[in-house]
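The values are calculated or read from the model by the stated rules, or taken from the named source; none is laboratory data. Keep in mind that this is a model prediction, so the values were computed, not measured. So basically every Cβ, Gly included, is an ideal-geometry build from the backbone, and we count neighbours across all protein chains shown. Surface accessibility is based on the protein's heavy atoms, side chains included, excluding ligands, DNA and RNA. Shrake-Rupley method; radii C 1.70, N 1.55, O 1.52, S 1.80 Å.
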Amino acid sequence: MHHRIVFVKKIATTSYEKFHLDWQMVHAPLLMGTVNLKGYVQNRPVAAQWGRGLYDGIAELYYDSAALEQEAFDSHQSKIIREHEHSFMVEEETFSALVDEQVELEGRQTANRVFIFDGDEKRIPEGLAVRVSRLHLDDAETHTGARSILSVWTASEPDAFKVKDALGGESENIESLVVTPTPIVTPPIAPYIA
């Protein structure tokens, strides 16, 4: 499965409420009509995280292959999507990379997830993680230079913040974000399928 992750920065003059509403209610339906798209997940930061990180949202897109992703990108629908993106996100501050996921702890999808650049899974408090994976990036993240992201799914939002704090978070100036993953088009891969 061809997996792309996109870190999105909202336009400064747009409120967080309007950004997330536009991303979910306008942008997602536009993207759902894209040819070859097998999965689309919006990871929206919980309200307590708004404005606290480099990015305001994280999207994950799934295709069967790089060629099929390119075909989707070249489509007329994709041109409409890119025009819409200019209305709510800053293209120059958006980072996109291909992902090679390495699962460290198998588990299910939950409504709580922590993303932390170059995170150390050994620092996750015992019993708080439901699923853990390392997302290896094909390119270094623009601001931090990170080549991987630690993705930790937890059973609750308080557990997600405990994981974030244990991994360093803002106290150690480590870029991290607590999000609520929302599958718009459910990817045909674990942890989204039972």
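Among the residues making up segment 38-60, those that are within 25 Å of Pro188 (Cα to Cα) and among the charged types (D, E, K, R) are Lys38, Arg44, Glu60. Residue-level check: of (1) at pLDDT 90 or above; (2) under 16 Å from the mean Cα position of the chain (by Cα); (3) among the charged types (D, E, K, R), Arg82 misses just (2). If you go through segment 1-55 and keep only what is of a type in the set (S, T, N, Q), at negative phi, over 15 Å from the mean Cα position of the chain (by Cα) and open to solvent by 30 Å² or more (accessible area, probe 1.4 Å), you end up with Thr13, Ser15.
Checking each residue in segment 109-122 for being in contact with a strand residue (DSSP E or B) (Cβ under 6 Å, 6 or more places away or on another chain) and either modelled with pLDDT under 90 or basic (Lys, Arg) (or both) picks out Thr110, Ala111, Arg113. Within segment 63-75, is even one residue over 18 Å from His3 (Cβ atoms), among the hydrophobic types (A, V, I, L, M, F, W, C) and modelled with pLDDT of 90 or more? No, the conditions are met nowhere in segment 63-75.
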